[in-house]
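The next block holds one structure in the form of structure tokens; read it before the comments.
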Amino acid sequence: MEDSDIVQLFFARCDDAVEEVREKYGRLCYGIALNVLNNAEDSEECVNELYINLWNAIPPQSPENFKAYICKAVRNLALKRLEYNTAERRNGARVVYLSELEESGDKELSAPDNMSGSEDDRLGALISDFLREQKPECREVFIRRYWFMDSVEKIARDCSYSESKVKSMLFRTMNKLQVFLRKEGVDI
């Protein structure tokens, strides 16, 4: 079923809408949540919460890119769950990913919570602009690591690269991103 048809099912308040999302994107959403949380039970809960949120949000929202919309939504739910789970311990997967960003010297990217909504939107737009200028393979590796939070090992395996090549690509792309952001006036 096409995404536009699924959205129309939500607008018609048809119960099949959630089942269609589950059938078409359930594994993808679960994988995103699992990459963030590294916990099957919490990941399943995030995906189920996604279905409820979709039911409540559509309508009035009518996402143009439904797949991107649900991927972002489940990722945000998983990040909130991870923050909740690690509130007192301050450890876990997200800290590892953020420490990679900090090692590159990019404090803006490693601490998005201190930014206002408009600054956050601007930074997101700048990063999108930057990534559009990169080679497709570098863009894919970067997005898989920092958006989908795939492990270096998984990226290397799926893309038929060595782990050292993936790490090198991430390092070079991050350095280029820092230069780009400085040119755009983002204080790093």
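Readers should treat all values here as calculations from the given coordinates under stated rules, not as data from a laboratory. Only a predicted model underlies this, so the values are computations on that prediction, with no experimental measurement involved. Backbone-built Cβ (ideal geometry, glycine too); neighbour counts: all protein chains shown.
The reciprocal of the average 1/r between distinct C-alpha atoms defines the Kirkwood hydrodynamic radius, which for region 3-85 equals 12.6 Å. Only the Cβ atoms of Lys and Arg (+1) and of Asp and Glu (-1) were treated as charged; on that basis the dipole of region 3-85 about its Cα centre amounts to roughly 300 debye. Karplus-derived 3J(HN,Hα) values for region 12-29, using 6.51 cos²θ - 1.76 cosθ + 1.60 with θ = phi - 60°, are 7, 6, 8, 4, 5, 4, 5, 5, 5, 5, 4, 5, 7, 10, x, 5, 4, 5 Hz; glycine and proline are entered as x.
Would you mind counting up the charge near TYR25? Only other residues with Cβ under 13 Å from its Cβ, with Lys and Arg at +1 and Asp and Glu at -1. Local net charge: +1.
For LYS135, a cut-off of 25 angstrom between C-alpha atoms picks up these lysines, skipping any fewer than 8 places away in its own chain: LYS67, LYS72, LYS107, LYS154, LYS165, LYS167, LYS176, LYS183. The fewest-to-most ranking of PHE171, PHE148 by surrounding Cβ atoms within 10 Å reads PHE171, PHE148. Taking a sphere under 13 Å around the Cβ of GLU137 and counting the other residues whose Cβ falls inside, with K and R at +1 and D and E at -1, yields a net charge of +4.
Take the Cβ atoms of GLU119 and GLU41, set R0 to 30 Å, and the FRET efficiency comes out at 0.30.
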